[in-house]
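Take a look at the structure set out below.
Quick note: the coordinates plus some simple rules give every number you see, no bench work behind them. All of these numbers come straight from a predicted model, not from anything done at the bench. Cβ atoms come from the backbone with ideal geometry, glycine included; neighbour counts cover every protein chain shown.
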Amino acid sequence: MFQKITLLAVVLAVVSCQKKESVEKDKIKIADWLIGNWKNESPDGLLTENWEKLNDSTFNAYSYFIKGKDTLHFETIVLAQKGETLTYFATVKGQNEDKAVAFPSTAESDKQLVFENPKHDYPQKITYTKGANNTLTAEISGKLNGKQSSEKFVMTKK
């Protein structure tokens, strides 16, 4: 009897570990719709975000804002899943000593991803929303100089 219980416990442990590993890797799959090249052209300049899948748990992106021949903003983004946590790491050239700022996810769905870091100066919240006709809206928001602020960028897939 003891051997049967021990065997059952071992089998349950193995099965539950396999299921957990599968769930962990599945969480980032909800963000597959980010993958691709996105752009927003306006009189202010050209914003592009280029997303690629590095592996089962990591996506990488480069974001540029160019006006004329000048790159006014350059950012590298890593979207990584570690355990059951999805985190957005933003590294903006010339800010935060060129170190990444982490924004853990607070909501995920097949149409929207929300990342927040209330301790960051600005933004404190980053939201990506999948739209119709190959569009994507990126929104940054939070308090800037003591006042609530937000900026939206609607991009289309190239």
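Past 21 Å, Cα to Cα: identify those pairs from 99/147; 53/119; 67/111; 125/152; 130/152; 99/152, in the order given. In this structure, 99/147; 53/119; 67/111; 99/152 exceed 21 Å between Cα atoms. When only alpha carbons are used to place a centre, region 31-65 and region 106-129 end up 16 Å from one another.
Placing pseudo-labels 7 Å out from each Cα toward the beta carbon at residue 99 and residue 71 gives an inter-label distance of 2.3 nm. The three principal axes of the C-alpha atoms in region 87-143 carry coordinate ranges of 38, 21, 20 Å, sorted with the longest axis first.
Put in order of Cβ neighbour count within 10 Å, fewest first, the listed residues 39, 143, 93 become 93, 143, 39.
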